[in-house]
1. Tabulate in residue order the Karplus-calculated ³J(HN,Hα) for the stretch B:52-69, using 6.51 cos²θ - 1.76 cosθ + 1.60 with θ = phi - 60°, rounded to whole Hz; enter x for Gly and Pro.
2. Name the long-range amide H neighbours of residue B:25: under 5 Å, sequence gap of 5 or more, or other chain; modelled H, no Pro or chain starts.
3. Taking a threshold of 21 Å on the Cα-Cα distance, which of the pairs A:43/A:145; A:68/A:145; B:73/B:159; A:175/B:160; A:159/A:225; A:145/A:179 fall above it?
4. Relative to the first principal axis of the alpha-carbon coordinates of chain B, what is the inclination of helix B:32-41, with its axis defined by its Cα atoms, in degrees from 0 to 90 and to the nearest 10?
5. At a threshold of 8 angstrom on Cα-Cα distance, excluding pairs fewer than six apart, so keeping six or more, what relative contact order does chain A reach in percent?
6. Pick from A:70, A:103, A:82: which is most flexible by mean-square fluctuation in a GNM of chain A where alpha carbon atoms under 10 Å apart are linked?
7. Is the stretch B:9-158 rounded, prolate or oblate when judged by the Cα gyration tensor, a ≥ b ≥ c being the square roots of its eigenvalues, rounded requiring a/c under 1.5 and prolate requiring a/b larger than b/c?
8. In peptide B:134-140, how many Cβ atoms from other protein chains are near each Cβ within 10 Å, on average?
There are 2 protein chains.
Amino acid sequence: MKQSTVISFESIRVACRHCTLSALCLPMGLAAEDVERLDEIVKRTRPLHRGDMLFRDGDHFRSLYVVKTGSFKTFAPSGEGGEQVLSFHLPGELLGLDAIDQGEHACSASALETSAVCEIPFARLEELTALIPSLQHHMYRLLSKEIGHDTDLLVLLGKKNAEERLAAFLLDFSKRLHKRGLSATDFHLSMSRHEIGNYLGLAVETISRLFTRFQEDGLVRVERKHIELLNLQGLENLIASSHLGRRQPPQRQQQT
Amino acid sequence: MKQSTVISFESIRVACRHCTLSALCLPMGLAAEDVERLDEIVKRTRPLHRGDMLFRDGDHFRSLYVVKTGSFKTFAPSGEGGEQVLSFHLPGELLGLDAIDQGEHACSASALETSAVCEIPFARLEELTALIPSLQHHMYRLLSKEIGHDTDLLVLLGKKNAEERLAAFLLDFSKRLHKRGLSATDFHLSMSRHEIGNYLGLAVETISRLFTRFQEDGLVRVERKHIELLNLQGLENLIASSHLGRRQPPQRQQQT
DNA sequence: GCCAATAGTTGACCTAGATCAAAAACAACA
DNA sequence: TGTTGTTTTTGATCTAGGTCAACTATTGGC
């Protein structure tokens with residue numbers, strides 16, 4: 001209610017064509033006039049604060065959302081009040097794609113910090129994509145990319161150990177921030193240890209211990225939520241090079 | 001090469017409008033004339049045998065595939081020659097959606113048994129979806145559904161124990177077969193224990209032991225790859241009701 | 001600025017499921 | 001029909017990471 005959030009409140013009024021995120025967002029690669037058309041259907045909404053829900057699982061699906069500032073997590077219920085964090089969303093990233101199929105949201109989304117989104121009514125977007133081939137293609141790609149992200153996470157949860165998971169998480173975060181023009185080696189984690197652990201399928205305590213260990217090994221400097229990556233290569237190595245101990249027999253390329 | 005596969009070779013020539021799978025596949029809900037148009041772009045290909053690759057990760061992306069008969073698995077590399085099975089595909093299900101984004105396949109697909117697919121050149125399909133709104137909508141739904149499937153698997157890998165995973169797997173399989181008009185309680189698994197274990201993030205031995213245990217508990221009857229589900233409700237209970245031991249404090253509905 | 005609640009760290013211990021090993025059951029095939 | 005290679009099963013052991021517990025920051029509310 002209070003007008004103290006001047007900065008973000010101003011910034012969210014910016015039209016797509018002037019938005020610094022356009023290169024990461026839907027307008028990517030659209031002709032100027034098409035951006036105008038997209039612009040017309042986008043609604044700007046007021047900021048959300050930490051913990052505020054953007055949508056809940058089961059909610060009727062009406063719109064997709066693009067993060068404009070701040071960050072979000074999405075999570076699915078997992079029986080007995082538990083939940084599985086599915087992803088963290090940074091500016092320019094889309095939320096709600098999983099709801100298209102069933103017509104209702106399959107997961108919930110909440111803000112990790114003070115954040116703003118653009119709302120895109122899906123029915124309108126669909127009309128538009130039928131008219132603008134490049135936008136249609138872009139939508140297909142976005143949906144496909146989401147599948148790719150899930151695939152990565154599946155490999156992580158199915159096949160990687162704790163160390164590899166956290167290293168992969170940090171590097172992924174680093175890359176995504178870098179794409180947004182932020183430092184790839186010095187950043188702030190907007191989510192709690194608990195949320196990281198949940199996302200990676202690990203206990204909070206394990207996350208905490210790993211951060212300590214990574215720090216002892218000179219890979220990172222951790223100070224609460226402030227992270228400095230000191231040795232990117234070292235982290236990369238952690239991901240790729242484990243399992244090297246027990247070599248498998250040469251195993252010709254064949255069916256399983 | 002040999003013509004002994006008469007049955008499936010005949011069946012795969014059937015046009016979409018006569019295909020028994022149309023209700024599960026792309027034509028779902030299309031007007032007759034639109035099905036014709038779709039039909040024109042679909043290529044029918046020869047059958048693949050167990051272990052044959054439909055595509056490999058890294059292959060240039062050109063087409064989507066619909067399983068016509070038989071079954072497939074998709075799997076992604078996971079460092080050091082290991083792989084993570086991402087999904088099993090039954091007749092009517094689409095393969096290759098994850099490749100749209102990058103323009104090359106992000107995972108590999110191989111036949112689990114003698115199988116046939118319809119090939120749908122994606123560029124042609126895109127043109128068509130721009131012309132037929134209901135087809136475009138259907139494509140969005142299919143992509144979104146794939147995300148939903150991944151979400152389910154993520155929850156499984158991130159939060160469920162071995163017992164719950166296998167029970168969920170069996171029930172999912174049962175439901176999908178039932179949709180295809182096959183028995184929900186008596187079926188044949190086309191994949192090996194090893195592949196099931198890989199998919200569920202468990203060791204082969206664990207799968208084997210669980211099958212034995214489920215059988216002892218009267219939940220299933222297992223005879224190699226032939227499965228009979230004797231107590232569907234019992235399996236359902238396994239999924240939902242565990243973690244009931246250590247009750248969590250009432251915990252008001254709140255942010256994490 | 002103080003208190004209560006929440007988040008993070010650290011250590012001790014425990015357990016689900018992995019790994020190792022070996023036998024048994026199949027399947028392919030000459 | 002025997003041989004060989006694969007898949008499955010079963011048992012014995014090991015361990016990564018979970019769980020419990022106690023303590024220490026931080027943070028937010030007033």
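Here, each number is a calculation from the coordinates, and none is a lab measurement. Quantities reported herein were computed from a predicted structural model and do not represent experimental measurements. Here Cβ is always computed from backbone atoms with ideal geometry, including for glycine, and neighbour counts include all displayed protein chains.
1. After applying 6.51 cos²θ - 1.76 cosθ + 1.60, I find 5, 8, 7, 7, 10, 5, x, 4, 4, 8, 10, 9, 8, 10, 10, 5, 9, 9 Hz.
2. none
3. A:43/A:145; B:73/B:159; A:175/B:160; A:159/A:225
4. 90
5. Numbers: 370 pairs, mean separation 43.5, N = 256.
Result for chain A is 17 percent.
6. Among A:70, A:103, A:82, the largest GNM mean-square fluctuation belongs to A:82.
7. Cα axes put the stretch B:9-158 in the prolate bin.
8. 4
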